[in-house]
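In what follows, a structure is listed as structure tokens, so that the remarks can point back to it.
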Amino acid sequence: MKISHYDACPECDLLLNLVAPKIGDKAHCPRCGLLLSRPCKQSIERSFALSIAGFILFFPANLLPMVGITIMGNANTGLLFSGVVALFNDGMEAVAIVVFLASILFPLVHIVLSLLISGHLYFNRPNRYLVHWMRWMHHLDEWVMLEVYMLSIIVACVKLMALAQLKLGWGLYAFVALIVITTLLTGSLDEELFWQRIHQLRERNGNAN
Amino acid sequence: MQTKANALSQGFIRCHDCGYLVKIVNQPLSCPRCDSHLHARHPHSLQRTTAFLLSSFLLYIPANIFPIMIVNQFGAGEPNTIAGGIIELIDSGMIPIGLLVLVASILVPSLKLIGISLLLLCVHFRWQVNARRWTTMYRVIAFVGRWSMLDIFMISILVDLVNFSGIQIIAGPAATAFAAVVILTMFAAENFDPRLLWDTQQDL
């Protein structure tokens, strides 16, 4: 049942001979041009380190004020979460939930999952939930929208510049750092390699029992 | 490196979740590597994509005619539609930002709706096209979709920050509709299987 020297393109289903590109090289599908793989040096170590950094940064990014605003002597500051609360109080519960999921909960779950997975792989510890974590992380990927949120902050600030004084807070700097870290994490996390390692751990564990 | 065959026609299924290639023997139900259900193509891809697409077409109308946010200044409310907000930005000289919002909130959602419709029609009517080009179009659609959330996040920031006794910004009914459009089109793109574009080409 198991075939290891073939691969298939996920987007055009072309049957390919399995070629593992060297580190720094890219493999593209010859028929549809999809980027098939781009292996990264020390994928597991890097992902583990970046996940720890991201997890730590998540807290200042969420707990410290991002933007301070002053209009006619009245001051106010905004957090990621206070935006959700404000929408909720306006009666926009559905939108508030979407914003909460895409900008707070999913990024947190994503970083925790990648921390758990890369940690287990780094220490060679099998865990029967690894497979589930990997699948959840894979499906969550698209719904983590930190960089979109960053752009919204910029647009909102530009809109407010005319009528208010703005002050950028430490929360915003932490948020920018968090985006840099998650982007690097996406680049260094080689899913195929992770799956292979999980499979190995699983088989070894199965034989031991 | 290149063979000339579809994996499915050679009896292989690539796991949708972990990318493992499995030789089909007596229809195995789950992937040996990650336990998820195996299916050669997304199940009911066309039906599901059509359903999500039609719902987003419907919601696209209220999203554009109702105000997406209302600026209350000293008791007088000034409703802003999506297009109105962009015109205001451009009028006040913030042209790059205005164009950015124009792309994210108007061009991307509408081109996405048209693009997914074309992809569905192409597969349904078995149009003979340059499949590589159409796959690229699909990839672009799937990639840009999330950026339309820009307006929604911006509203959550503005509603939160501008909340004083003299001036207030509140979210309008179009916000819910617009968020729904963005999410439904993302679901539509996720459910569309680009491999169907290749399956319907005869001269491969």
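The values are calculated or read from the model by the stated rules, or taken from the named source; none is laboratory data. Values in this document were obtained by computation on a predicted structure and should not be read as measured data. Quick reminder, even Gly has a Cβ in these numbers, built from the backbone with ideal geometry, and neighbours come from all protein chains shown. Side chains are part of the model used for accessible areas, which takes the heavy atoms of the whole protein and leaves out ligands, DNA and RNA. Shrake-Rupley method; radii C 1.70, N 1.55, O 1.52, S 1.80 Å.
Taking Cα atoms only, the orientation of helix A:191-208 departs from the longest principal axis of chain A by about 60 degrees.
In this simple spin-label approximation, B:SER30 and A:ARG204 carry label points 7 Å from Cα along the Cα→Cβ vector, and these lie 2.4 nm apart.
Neighbours of B:ALA104 by Cβ distance under 13 Å: Lys/Arg scored +1, Asp/Glu scored -1, total 0. Against the compact-protein benchmark of 2.2 N^0.38 Å, the Cα-based radius of gyration of the range A:43-208 scales to 1.24. Need one number: nm distance between label points at B:HIS44 and B:ILE61, each 7 Å from Cα along Cα→Cβ, rounded to one decimal. Modelled inter-label distance: 2.5 nm. Relative to the longest principal axis of the Cα atoms of chain B, the long axis of helix B:108-124 lies at roughly 20 degrees. Restricting the trypsin sites (Lys or Arg not before Pro) of the range A:1-97 to loop positions (DSSP other than H, G, I, E, B) with no more than 15 neighbouring Cβ atoms within 10 Å leaves A:LYS22, A:LYS26, A:LYS41. Percent of Cα pairs in the protein assembly as shown per distance bin of 20 Å, from zero to the largest separation: 24, 52, 23, 2. Evaluated with a Cβ-only charge set (Lys, Arg +1; Asp, Glu -1), the range A:43-208 carries a dipole of roughly 360 debye about its Cα centre, given to the nearest 20. Comparing Cα centroids, the range B:124-195 and the range B:12-72 end up 16 angstrom apart.
Taking the Kirkwood radius as Rh and the Cα radius of gyration as Rg, the range B:84-198 has a ratio of Rg/Rh equal to 1.10.
Remark on the range B:1-40: hydrodynamic radius 10.4 angstrom, per the Kirkwood mean of 1/r across alpha carbon pairs. If I take every Cα pair under 8 Å that is 6 or more residues apart in the range A:43-208, average their sequence separation and divide by the length, what percent do I get for the relative contact order? Contact order relative to length: 43 percent.
If you sort B:TYR138, A:TYR129 by accessible surface, 1.4 Å probe, largest first, the order is A:TYR129, B:TYR138.
When the protein assembly as shown is described by a simple charge dipole with +1 on each Lys and Arg Cβ and -1 on each Asp and Glu Cβ, the residue from B:LEU99, B:HIS44, B:LEU111 located farthest towards its positive end is B:HIS44.
For chain B, with all protein chains in place and a probe radius of 1.4 Å, 65% of the accessible heavy-atom surface sits on carbon or sulfur.
Of the trypsin sites (Lys or Arg not before Pro) found in the range A:94-174, the ones in coil according to DSSP and having at most 11 other Cβ atoms within 10 Å of their Cβ are A:ARG128. Looking at chain B, which longest stretch skips every one of the trypsin sites (Lys or Arg not before Pro) that is in a DSSP loop with at most 16 other Cβ atoms within 10 Å, leaving the sites themselves out? Answer from the scan: B:42-125.
Treating r as the C-beta distance of B:ALA5 and B:ARG126 and R0 as 25 Å, the FRET efficiency rounds to 0.80. Put a plus charge on the Cβ of each Lys and Arg, a minus charge on the Cβ of each Asp and Glu, and nothing anywhere else: the dipole of the range A:1-130 about its Cα centre is then about 600 debye. May I ask you to list the aspartates and glutamates whose Cα is less than 15 Å away from that of B:LYS112, ignoring any residue fewer than eight positions away on the same chain? Within the straight-line limit of under 15 Å, B:LYS112 reaches these aspartates and glutamates: B:GLU190. Buried accessible surface for the B/A pair, both sides summed and rounded to the nearest 100, is 6700 Å² with a 1.4 Å probe. With a cut-off of 12 Å between beta carbons, the residues surrounding B:PHE52 carry a summed charge of +1, where Lys and Arg count +1 and Asp and Glu -1. Ranking B:ILE97, A:ILE71 by solvent-accessible area of protein heavy atoms (1.4 Å probe, all protein chains present), from largest to smallest, gives B:ILE97, A:ILE71.
Cα axis of helix B:131-144 to longest principal axis of chain B: angle in degrees, 0 to 90, nearest 10? Here the helix axis deviates by roughly 40 degrees. Rolling a 1.4 angstrom probe over the protein heavy atoms with all chains in place gives chain B an accessible area of 45 Å² per residue. Quote the FRET efficiency, to the nearest 0.05, computed for A:TYR122 versus B:ILE167 with a Förster distance R0 of 60 Å and r equal to the Cβ-Cβ distance. Taking R0 as 60 Å, the efficiency between A:TYR122 and B:ILE167 is 0.70. In a reduced charge model with +1 at each Lys and Arg Cβ and -1 at each Asp and Glu Cβ, chain B shows a dipole moment near 1060 debye about its Cα centre.
Mean sequence separation of contacting Cα pairs (under 8 Å, at least six apart), scaled by the length of the range B:1-40, corresponds to a relative contact order of 36 percent. Both radii are taken from the alpha-carbon atoms of chain B; with Rh as the Kirkwood radius, Rg/Rh is 1.12. Sparse packing (at most 15 other Cβ atoms within 10 Å of the Cβ) combined with a DSSP loop state is found for the following chymotrypsin sites (Phe, Trp or Tyr not before Pro) in the range B:22-125: B:PHE74, B:PHE125. Ordering B:THR50, A:THR183 by accessible surface, largest first, gives A:THR183, B:THR50; the 1.4 Å probe counts only protein heavy atoms, with every chain in place.
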